[in-house]
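What follows is a set of notes on a single structure, which appears directly below.
The values are calculated or read from the model by the stated rules, or taken from the named source; none is laboratory data. Just so you know, these numbers come straight off a predicted model, no measurement behind them. Cβ placement follows ideal geometry from the backbone for every residue including glycine, while neighbour counts extend to all protein chains displayed.
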Amino acid sequence: MQIEGIFSEGIETSKKLLDDTPKLLLLVVIATIPVVNLILLGYFARIIRDGSSDPPPLFDYITLFIEGLKIFVALIIYLLIPLILIFVGIWTTVISGGFALPFFILGAFLSLLIALIAAMGIVHMIYTQSFAKAFSFGEIIEIIRTAGWGNYVLWILSIWIVSLMISAFSQVTPIGWLITALVTPFFTVFVARTAFIIYSSGAGIVMD
């Protein structure tokens, strides 16, 4: 499937949230509360694991919270090395008064490289229900290769750009935070559905 078709599928699935107003409002509330919003990450995992073009039911919040926490921890582990390099750069600048540009450049480069692997690694972890699979780099790279690096990189860039736009919009208007809260559930469903489509094409999963 071409990237346009993947995005179209994601939009159609996210639009179905409008058919269940109570679920949508609950997701909006969850998205605005720190720590509790890990439930939204858990719902992201449920969408991927369910594999359906319809948003799954919202229930069993403890399980969703735990799933969200697993995703958060996996992301922290992935970002640990570039964060350390960036921190060393800042620390070197403060202590020596110099500008530790190499650390920043290396940290930024590794962040981009890791993001490419981490995104599919998280999906692989979710679908296989194995935390270790988030770091099965050989399997992850093979899934991306089979799905097609072109579609995958376009997907990553698109998600990144939209994420930046949502984040920026929340800062520039008085009610930006409210609009962001309303948009977040739709964006979460969109990302989860498109991630599953790309993953399924690379992992040989037959979609419904």
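Descriptive notes on the structure:
- Cβ pairs under 8 Å, 6+ apart, first in region 71-98 and farther than 14 Å from GLY121 by Cβ, second polar (S, T, N, Q) and modelled with pLDDT under 70: GLY98/THR92
- Residue that is farthest from THR188 (Cα to Cα) [pool: residues in region 42-67 that are free of Cβ contacts under 8 Å to residues at least 60 places away in the same chain and in a loop (DSSP other than H, G, I, E, B)]: ASP60
- Among (1) farther than 24 Å from ILE39 by Cβ; (2) at pLDDT 95 or above; (3) of a type outside the set (A, V, I, L, M), the one test that PRO174 misses: (2)
- Residue satisfying all of: in region 1-31; surrounded by fewer than 18 Cβ atoms within 10 Å (Cβ to Cβ) and of a type in the set (S, T, N, Q); modelled with the lowest pLDDT among these: GLN2
- For region 32-41, the set of residues classified as in a loop (DSSP other than H, G, I, E, B) and either surrounded by 13 or more Cβ atoms within 10 Å (Cβ to Cβ) or in contact with a strand residue (DSSP E or B) (Cβ under 7 Å, 6 or more places away or on another chain) (or both) consists of VAL36, ASN37, listed by residue number.
- Options SER158, SER136: the member that is among the small types (Gly, Ala, Ser), within 23 Å of LYS15 (Cβ to Cβ) and within 19 Å of the chain's Cα centre (by Cα): SER158
- Selection status of ARG145, of a type in the set (Lys, Arg), part of a helix (DSSP H, G or I) and surrounded by 12 or more Cβ atoms within 10 Å (Cβ to Cβ): no
- Filtering PHE186, PHE169 for residues that are in a helix (DSSP H, G or I), at pLDDT 90 or above, surrounded by 11 or more Cβ atoms within 10 Å (Cβ to Cβ) and of a type outside the set (Gly, Ala, Ser) leaves a single hit, PHE186.
- The one condition in (1) at pLDDT 95 or above; (2) farther than 20 Å from PHE187 by Cα; (3) assigned to a loop (DSSP other than H, G, I, E, B) that PHE99 fails to fulfil: (1)
- Condition met for SER163 (part of a helix (DSSP H, G or I), within 14 Å of the chain's Cα centre (by Cα), at pLDDT below 95 and small (Gly, Ala, Ser)): yes
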